[in-house]
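Everything on this sheet refers to the single structure shown next.
The values are calculated or read from the model by the stated rules, or taken from the named source; none is laboratory data. All figures in this text were calculated on a predicted structure; none of them were measured in a lab. Because the Cβ atoms are built from the backbone with ideal geometry, glycine has one as well, and the counts that use them run over all protein chains shown.
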Amino acid sequence: MTDQETGHNDETQEIRIKSAGHDDITQEIEIKSRGHNDITQEINIQPEVAELTKIFTELGASNELLWKVMWADKDVRESLKATARALLNVGISIADFVPVIGDAISLLADAAKWTQFDLTPNVSKEIAVGSEGLELLSGGFLPTHAIETILQIRHDAPQIKKGLKRTKKIWTAHEKAIKSKRVADAAAVFDSKSKET
Amino acid sequence: MPQQFLIVNQKKPKMTKSLAQKKQALEVLIEQSILIDVDRKDELIAKISQMDEEAVDALGKFLALEVKTAKKFYHDNLGKLDSLDTKTN
């Protein structure tokens, strides 16, 4: 189906929302959409959130057992929750670009505010409901969930940073312990390769 | 010559650790482990004296593998985390 058939030109629609956080963190969500049949969407969240998620994902894949100690730490646990929340909200904001289905997902996310699965706990119900009004005005095209996403990420950023520092502290301490001669010698006792010398 | 042949193929003797040495090493590995609950470490260390060699070897190999895996993980990821932390400051 060509652009002429669908009635859409190759016009690029761009929505850019920026918000400066309290501690000088610039949060940016950039969404580009080109026609209904060829939607190109790009969302750039804070680089540190994306990088932290990547590391956490690698951590899960390469050594799931390390999750245990990280999850046991309150700061890291809250940071992981905030990171997961940020990712889900960004995903919903992308989906919100698609009329009808996206709106339904966005509405479900708003409805979840009245449950224990609230993805934007630090955004008021008034803002969540009010943003849906904008959605109606735009015929379902505006990804209004991005407003709640930005506000929530802005709130969560300090927690994510705190968790990052705590994670670093835990990893560094454990690395120091396992690199000590005492632990290396103990591990060598049970290492089949080093038994035969 | 037969004698030379024997010398070339002679394997180095295996260094066998005594059970007491293994138990001592196991205690060190339990202390550093992140897989074992901190609250349970003392209890587990106290039980080492009752463990037979098979149990000591099994737990020891598992915890030695934890050390090996963790070393690789930190080598691969700690630098990334450090640079990320520097960027966010």
Out of the residues in segment B:26-69 that are in contact with an Asp or Glu (Cβ under 9 Å, 6 or more places away or on another chain) and in a loop (DSSP other than H, G, I, E, B), which is surrounded by the fewest Cβ atoms within 10 Å (Cβ to Cβ)?
B:Leu35
Scanning segment B:31-89 residue by residue, the ones that are more than 10 Å from chain A (Cβ to nearest Cβ), touching a Lys or Arg at 6+ places or on another chain (Cβ under 9 Å) and not aliphatic (A, V, I, L, M) total 2
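Within segment A:126-143, which residues are touching a residue at least 24 places away in the same chain (Cβ under 8 Å) and within 12 Å of A:Lys113 (Cβ to Cβ)?
To start, the set of residues in segment A:126-143 that are touching a residue at least 24 places away in the same chain (Cβ under 8 Å) comprises A:127, A:132, A:135, A:139-143.
Once the filter is applied, which keeps residues that are touching a residue at least 24 places away in the same chain (Cβ under 8 Å) and within 12 Å of A:Lys113 (Cβ to Cβ), segment A:126-143 yields A:Ile127, A:Glu132.
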Scanning for something more than 7 Å from every other protein chain (Cβ to nearest Cβ) and in contact (Cβ under 8 Å) with a residue 24 or more places away in the chain, does segment A:165-179 turn up at least one residue?
yes
Within segment A:157-173, does at least one residue satisfy the condition of being within 30 Å of B:Gln21 (Cα to Cα) and surrounded by 16 or more Cβ atoms within 10 Å (Cβ to Cβ)?
yes
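Being among the acidic types (Asp, Glu), assigned to a loop (DSSP other than H, G, I, E, B) and within 14 Å of another protein chain (Cβ to nearest Cβ), is that true of even one residue in segment A:186-194?
Within segment A:186-194, one or more residues are among the acidic types (Asp, Glu), assigned to a loop (DSSP other than H, G, I, E, B) and within 14 Å of another protein chain (Cβ to nearest Cβ).
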Checking A:Asp118 against (1) within 15 Å of A:His155 (Cβ to Cβ); (2) of a type outside the set (Gly, Ala, Ser); (3) at pLDDT below 90, the condition it does not meet:
(3)
